[in-house]
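Peer 1: After the structure tokens below, expect a handful of questions from me.
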Amino acid sequence: MASGITRSKQDGEYDYQVSVTDTVGNIGMSSGQFIVDTQVDSLSVQLDVPSDSGKVGDHITQESRPHFSGKAEAGSRVEVDD
């Protein structure tokens, strides 16, 4: 049984504590911290110049495997969809 669980949290750092009791009454405990971060601090992406076939800077390419470069916040996940 879980108690004290909140579904949504505001951005910030939170502490948690977990305890488990087995069928004979032994108790195990653990605690730690986690961070909720829903804001993107910085993101940049661009089509690399060699992949920009045609007019440079129009961000249109005929390349079947274009190369991109960019920067994102450390620890973030970057997904590229076709």
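The values are calculated or read from the model by the stated rules, or taken from the named source; none is laboratory data. If you're wondering where the values come from, they're calculated on a predicted model, not measured in any experiment. Cβ atoms come from the backbone with ideal geometry, glycine included; neighbour counts cover every protein chain shown.
Peer 1: Among D48, D81, D52, which is loosely packed, with under 11 Cβ neighbours inside 10 Å, more than 14 Å from the chain's Cα centre (by Cα) and of a type outside the set (A, V, I, L, M)? Please lay out each step first, then the result.
Peer 2: Working: D48 fails: loosely packed, with under 11 Cβ neighbours inside 10 Å; D52 fails: loosely packed, with under 11 Cβ neighbours inside 10 Å.
Criteria check complete, one pass: D81.
Peer 1: How many residues does region 21-76 contain that are within 30 Å of S8 (Cβ to Cβ) and either part of a loop (DSSP other than H, G, I, E, B) or touching a residue at least 40 places away in the same chain (Cβ under 8 Å) (or both)?
Peer 2: Residues of region 21-76 that are within 30 Å of S8 (Cβ to Cβ), as a first pass: 21, 27-45, 70-76.
Add one more test, that the residue is either part of a loop (DSSP other than H, G, I, E, B) or touching a residue at least 40 places away in the same chain (Cβ under 8 Å) (or both), and what stays is 37-42, 73-76.
So the answer is 10.
Peer 1: Can I ask one more? I'd like the residue in region 16-45 that is within 27 Å of the chain's Cα centre (by Cα) and of a type in the set (A, V, I, L, M) and, out of all such residues, is modelled with the lowest pLDDT.
Peer 2: Of all residues in region 16-45, those within 27 Å of the chain's Cα centre (by Cα) come to 16-18, 30-45.
Imposing the further condition that a residue be of a type in the set (A, V, I, L, M) reduces the set to 18, 35-36, 40, 43, 45.
Values: V18: 93, I35: 87, V36: 87, V40: 78, L43: 81, V45: 84.
It comes out as V40.
Peer 1: All but one of (1) touching a Ser or Thr at 6+ places or on another chain (Cβ under 7 Å); (2) surrounded by 10 or more Cβ atoms within 10 Å (Cβ to Cβ) hold for I27; which doesn't?
Peer 2: (2)
Peer 1: Only residues that are polar (S, T, N, Q) and closer than 30 Å to S76 by Cα: list them for region 6-40, please.
Peer 2: Of region 6-40, the ones polar (S, T, N, Q) are 6, 8, 10, 17, 19, 21, 23, 26, 30-31, 33, 38-39.
Residues satisfying the conditions are T6, S8, Q10, Q17, S30, S31, Q33, T38, Q39.
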